[in-house]
Amino acid sequence: MSVSVRDQILVRLRQAPARAVAERPPVALPKETGLARDDRIEAFCARFAEQTGIVYHRDPARDIGETLAEICREHGIIRVISGFDSVLAASGLPDAAMGIPELEIRTQAGFADREEFAEAVFAWADAGLTGADYGVAESGSLVLAFDRNHARLLSLAPGAHIAVLPRDRVVGAYEQAMAELGGAREKPSQIAFVTGPSMTADIQGMPFKGMHGPGKIIVFLV
Amino acid sequence: MKVTTEQYRRVAAREMADEYTKSFLRLLPARLAERRKTAFTDFSDPAAARAAGAAIRAGALENLPQLLATFEKNAKAAGARVFWARDAAAANRYIVDTARENGISGVTKGKSMITEELGLNEALAENGIRAWETDLGEFITQLLACPPFHIVGPALNIPVARISEIFLEKGLISRPEHDPVQLGLAARRFLREKFRHLEMGITGVNLAVADSGTLINVENEGNIRLSKSRPRIQVAVMSLEKVVADMPDAMHLIRLLCRSCTGQQVSAYVSMDTGPRKDDEIDGPEQLHIVILDNGRTRIYEDPVTRQALRCIRCGACLNACPVYGQIGGYPYGWAYSGPMGQVLSPLLLGFARTRDLFSACTLCGKCRDVCPVGIDHPGLMLYYRNRDAVGDPDFRGTGAPRPEKAVYGAYAIIAGHPLLWRVFGAMARRAINCYARGNTIGKGPGVLKGWFALRDLPAPPSRSFRDQWKRRHPAPHAARPASGRKQP
């Protein structure tokens, strides 16, 4: 058999003359890595809000299901499709909101196949509800790691995304979140940083939210 | 897409006469440059951050064969299929075959320069497969069949009236609409139906991470995430230089890329795929195809001078800094890559015969180099291209300088090498040039010099040369000096 294209390419690259590379100057991690926990959370919230993200803080004295219902009411959300990832489950959601009459909640586990699920997130749901694995203070980003309990389209196809973020999961820099996720035994097939709603400014530089993904993104800090 | 790089002069002249383009160019590049500058203040040392970006990309290129092999191994271990394509035809054939084998009649595309380089949309169309560009700007330029005006916003310059017209014609709206937001939402509604039933999505790749086999895409609209998450089949096309060693390197480059591109700290979405979805996931692709494209890049790599062009991360900062781009906009560059980025890449990818005007149309001011987050020396490369072209280097399909030009410089070399000839020539040239002087400046010249003087003035040379004047002022010491000079130790 003749030499494969792959091998031809690699051989040519290997035979090319080497060049010296300038030494890499040390670059400090973003200053948010040096912040104390509460300052870090504050920085995260400020950045997230700059991108028109909306933040709610959990009041431990109140039922979490009731609070979620209130958030949904405020934003005209009735139909919710929820993941059942570990972060969400630890918060008590979506179970705690299941009985609330004004909300219609379905979990992704209830769908038989991908087509049925896709139809629901595109055409039925007002919002997707998920956990967020990390919040990153340097840019106000959510880090979402997708798996069997956390579908990708939940935070993408419906018009709004509600993410539950534990306060102790707010880190300073991307590297910290990625190191934690990279160390896991089973690596997620996809990870996404989400920073504010979907946006564009492609017509005349006029910015607007909700181009293809959600126009509204809500973080519920617990 | 159609290559029109050889029409650079004609299109540039047309664009410079276009009032609409001019008014637009007065605002856009400056605004983006300002946003970039502000965003870089987040770094405790912006210069060090850029130097680190240069070192990361240069280091990745020096280890390119190892990194590519490692990337392939890890991506395959995660379940991806990897196809190595020598050229555009091979890449397009693989993608068309993949679509056919899976019975696909329509695909969506995330914004990607590489698939424009491939001419993928045309290849798909020839095989009866409809490709929808889904980035709003790309979608508009696709409907209008016009090249990208700017890498960040390919349709930023298109007047709303024209967008309204084409949306009406294609049935996206039912009556004229001049509100950019409403036009954007009309495109959303239209493309959402494509996503909703999507079976195959095609995207480019911003970065590939060797030690985990991960692909990274950076975007604001969500169209790339949708193209990767909804369908059963995902095709990611990457040129072979996209790979970096590890995730920390990738994270630093993302910080640089987003700030350099739109002045954002980070774009709305950064998505990172390691293999296709797992069997128990309800969405995400069942097949992930990664096409690693050469298309002339090994040759670019083999020359240690041009290798640095492969560092480019397509941020577009150089466009906003360039005084030439600021006058003519993106259309004259005639292909997927415009501005200094295109002036550096297109000649290497297309050969000099079709791109000579691109690297000639540079003032060598160096502003592009100063803002480049990965340390590319654009002016240095363009000088190198001019040199390779003048000597007729076959590797670059250089044709050599035109014969009259060669003759002129040949004669000049002889004259400049002989003091007597030089003095005679100097005296004659001085007299000849000064025939065209008006006061102290010369504003026009004869014959072939007309073009040179069209945009420049030359100060008139004085009637006597420096040597003459020196001799007159210092007659005696001048004669004695060489002798005394030799006596010194």
(message) Out of everything in region B:368-391 that is β-branched (Val, Ile, Thr) and part of a helix (DSSP H, G or I), what residue ends up being farthest from B:Ala55 (Cα to Cα)?
(response) B:Val391
(message) Just the residues that are buried (at least 19 other Cβ atoms within 10 Å of the Cβ) and either within 13 Å of chain B (Cβ to nearest Cβ) or in contact with a helix residue (DSSP H, G or I) (Cβ under 6 Å, 6 or more places away or on another chain) (or both), please, taken from region A:112-132.
(response) A:Arg114, A:Phe117, A:Ala118, A:Ala120, A:Val121, A:Phe122, A:Ala125, A:Gly128, A:Thr130, A:Gly131
(request) Check B:Val152 against each of (1) touching a residue at least 40 places away in the same chain (Cβ under 8 Å); (2) away from chain A (no Cβ under 13 Å); (3) part of a loop (DSSP other than H, G, I, E, B); (4) not hydroxyl-bearing (Ser, Thr, Tyr) and name the one condition it does not meet. (result) (2)
(request) Taking only region A:36-50 into account, find how many residues are buried (at least 17 other Cβ atoms within 10 Å of the Cβ) and either touching a Phe, Trp or Tyr at 6+ places or on another chain (Cβ under 6 Å) or away from every other protein chain (no Cβ under 14 Å) (or both). (result) 3
(message) Can you list residue pairs whose Cβ atoms sit under 6 Å apart, with the first residue in region A:180-205 being free of Cβ contacts under 8 Å to residues at least 12 places away in the same chain and the second being surrounded by fewer than 18 Cβ atoms within 10 Å (Cβ to Cβ)? Count only pairs 6 or more apart in sequence or on different chains.
(response) A:Ala201/A:Pro207
(message) Restricting to region B:182-204, give me the number of residues that are touching a residue at least 60 places away in the same chain (Cβ under 8 Å) and either surrounded by fewer than 23 Cβ atoms within 10 Å (Cβ to Cβ) or in a loop (DSSP other than H, G, I, E, B) (or both).
(response) 4
(request) Looking only at region B:107-149, count how many residues are out of contact with any helix residue (DSSP H, G or I) (no Cβ under 7 Å at 6 or more places or on another chain), of a type in the set (Gly, Ala, Ser) and either within 12 Å of chain A (Cβ to nearest Cβ) or surrounded by 19 or more Cβ atoms within 10 Å (Cβ to Cβ) (or both). (result) 2
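Yes/no per residue for (1) surrounded by fewer than 21 Cβ atoms within 10 Å (Cβ to Cβ); (2) more than 12 Å from chain B (Cβ to nearest Cβ); (3) assigned to a loop (DSSP other than H, G, I, E, B):
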{"residue": "A:Arg185", "(1), (2), (3)": "yes, yes, yes"}
{"residue": "A:Phe193", "(1), (2), (3)": "no, no, no"}
{"residue": "A:Pro197", "(1), (2), (3)": "no, no, yes"}
{"residue": "A:Pro214", "(1), (2), (3)": "no, no, yes"}
(request) Go through region A:25-38 and give me each residue that's within 21 Å of A:Val194 (Cα to Cα), part of a helix (DSSP H, G or I) and not basic (Lys, Arg). (result) A:Glu32, A:Thr33
(message) Only one of A:Leu88, A:Leu93 is buried (at least 19 other Cβ atoms within 10 Å of the Cβ), part of a loop (DSSP other than H, G, I, E, B) and either modelled with pLDDT of 95 or more or away from chain B (no Cβ under 11 Å) (or both). Can you tell me which?
(response) A:Leu93
(message) Tell me the residue from B:Ala336, B:Ala321, B:Ala245 that is at pLDDT below 95 and hydrophobic (A, V, I, L, M, F, W, C), please.
(response) B:Ala336
(request) Just give me the residues in region A:96-111 being more than 12 Å from chain B (Cβ to nearest Cβ), assigned to a helix (DSSP H, G or I) and buried (at least 19 other Cβ atoms within 10 Å of the Cβ), in sequence order. (result) A:Ala97
(request) Mind telling me which of the residues B:Gly296, B:Gly316, B:Gly351 ends up being within 16 Å of the chain's Cα centre (by Cα) and under 18 Å from B:Pro147 (Cα atoms)? (result) B:Gly316
(request) Can you tell me which residue among B:Leu168, B:Leu215 is modelled with pLDDT of 95 or more and part of a helix (DSSP H, G or I)? (result) B:Leu168
(request) Could you list, in sequence order, all residues of region A:1-24 that are within 7 Å of another protein chain (Cβ to nearest Cβ), in a helix (DSSP H, G or I) and among the aliphatic types (A, V, I, L, M)? (result) A:Val5, A:Ile9, A:Leu10, A:Leu13
(request) Determine the pairs where a residue that is in contact (Cβ under 8 Å) with a residue 24 or more places away in the chain and closer than 14 Å to B:Glu219 by Cβ, located within region B:113-140, has a partner that is buried (at least 21 other Cβ atoms within 10 Å of the Cβ) and of a type in the set (Ser, Thr, Tyr) with Cβ atoms under 6 Å apart, the partner being 6 or more residues away or on another chain. (result) B:Thr134/B:Thr108; B:Leu136/A:Thr200
(request) Taking only region B:61-107 into account, find how many residues are aromatic (Phe, Trp, Tyr) and assigned to a helix (DSSP H, G or I). (result) 2
(message) B:Leu32 - would you say it is surrounded by 23 or more Cβ atoms within 10 Å (Cβ to Cβ) and modelled with pLDDT of 95 or more?
(response) no
(message) Whether any residue in region B:2-22 is within 12 Å of chain A (Cβ to nearest Cβ) and assigned to a helix (DSSP H, G or I) is what I want to check.
(response) yes
(request) Look through B:Cys365, B:Cys318 and report the one residue that is of a type outside the set (Lys, Arg) and not in a loop (DSSP other than H, G, I, E, B). (result) B:Cys318
(request) Can you work out which of the residues in region A:141-179 that are surrounded by 24 or more Cβ atoms within 10 Å (Cβ to Cβ) and assigned to a loop (DSSP other than H, G, I, E, B) is farthest from the other protein chains (Cβ to nearest Cβ)? (result) A:Pro158
(message) Can you tell me which residue is farthest from B:Val209 (Cα to Cα) among those in region B:268-289 that are surrounded by fewer than 24 Cβ atoms within 10 Å (Cβ to Cβ) and more than 7 Å from every other protein chain (Cβ to nearest Cβ)?
(response) B:Asp279
(request) Of the conditions (1) surrounded by 24 or more Cβ atoms within 10 Å (Cβ to Cβ); (2) in a loop (DSSP other than H, G, I, E, B), B:Pro323 clears all except one; give me its number. (result) (1)
(message) Could you check region B:232-253 and list, in sequence order, the residues that are part of a strand (DSSP E or B) and not small (Gly, Ala, Ser)?
(response) B:Ile233, B:Gln234, B:Val235, B:Val237, B:Met238, B:Val243, B:Val244
(message) Could you list, ordered by first residue, the pairs with Cβ atoms under 6 Å in which the first is in region B:43-63 and within 13 Å of B:Arg255 (Cα to Cα) and more than 7 Å from chain A (Cβ to nearest Cβ) and the second is among the aliphatic types (A, V, I, L, M) and assigned to a helix (DSSP H, G or I), at least 6 apart or interchain?
(response) B:Phe43/B:Ala49; B:Gly53/B:Leu256
(request) Could you please give the count of residues in region B:412-447 that are out of contact with any helix residue (DSSP H, G or I) (no Cβ under 8 Å at 6 or more places or on another chain), assigned to a loop (DSSP other than H, G, I, E, B) and not polar (S, T, N, Q)? (result) 7
(request) Would you confirm whether any residue within region A:121-136 is β-branched (Val, Ile, Thr), outside any strand (DSSP E or B) and under 26 Å from B:Gly153 (Cα atoms)? (result) no
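The values are calculated or read from the model by the stated rules, or taken from the named source; none is laboratory data. No experiment lies behind these values; they were computed from the predicted model shown. Heads up, the Cβs are rebuilt from the backbone with ideal geometry, glycines too, and the neighbour counts pull from every protein chain shown.
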